[in-house]
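Remarks on the structure that follows.
Just so it is clear, none of the values below were taken in a lab; they were calculated from the coordinates. Computed from a prediction, not measured in an experiment: that's the story for all the values here. Positions of Cβ are backbone-derived with ideal geometry, glycine not excepted, and every protein chain shown enters the neighbour counts.
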């Protein structure tokens, strides 16, 4: 094979992984492949071609670089949520969307408000500096973060998570969910209203119709969803949630446990497990994690 064709062939092979090798301290691999590709080239030409390859490579922008340097590889999903919160704080000075959503193929979404940080950290400063160093429209910044994070995010058990995309949204998007025909979308909208404390949607949240048991719910499931509606609306409106009191200590403790699980959902701290009466929320928000499980109530099979 002529030298020029050989060089072009190897360049096509290594162009995409080259920058990734360099990002992850695999300079020996990068150097070895460059040596294979350019071994017969004059030194000046070899340097020029190597520089062009690096310039054309998928090198991260400043913000993606902060992500990789700060969180390492693999990236814990909870740390990734903190990084998105820092991004939301950095862009909160601009009039625009109200929250960020990171969607996954195999996990419920991360939802992060676009709001100033109560307390700033070194990560907040680094994220803001990176955005100011390389200004770009918010969708482009989010695409760069997604490209850098994709394939690196893991859950708390170290299992890989498939990041679909990161998008920015307005309260109107959630308001549309509250009016959806599909009752599961309405419940997901209630979670977003409470999680993001969207005061303008609190009245709409209180009016959301909770479906009857005939759609495939148990009485306990419906009671959980009614409590979710009240708690989400209270949070959005900024008023205390009125906790019902029951004279039976056992029932009072059971209700308190359910409310604690609902608070965790609205805090984005996790979805209820199989032992929780609020497990229906995991089935609604993260159905793939529930389908096929032995403990799925038969009523849910109508919609799960």
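For the pair residue 199 and residue 269, the difference between a 0.36 nm per residue extended length and the Cα-Cα distance amounts to 23.1 nm. With a/c under 1.5 counting as rounded, go ahead and sort segment 124-179 into rounded, prolate or oblate using the C-alpha gyration tensor (a ≥ b ≥ c being the square roots of the eigenvalues; past the cut-off, prolate if a/b is larger than b/c, else oblate). Oblate.
Per-residue extension of 0.36 nm, minus the Cα-Cα distance of residue 286 and residue 81, leaves a gain of 72.1 nm for this segment. Protection proxy ranking of 150-158, 186-194, 75-83, by the mean of other Cβ atoms within 10 Å over each peptide's residues and highest first, is 186-194, 75-83, 150-158. The length gained on full extension between residue 115 and residue 260, counted as 0.36 nm times the residue separation minus their Cα-Cα distance, comes to 49.7 nm.
Taking a ≥ b ≥ c as the square roots of the eigenvalues of the Cα gyration tensor, segment 173-302 is classed as oblate, since a/c reaches at least 1.5 and a/b does not exceed b/c. The Cα center of segment 224-255 and the Cα center of segment 89-150 differ in position by 33 Å.
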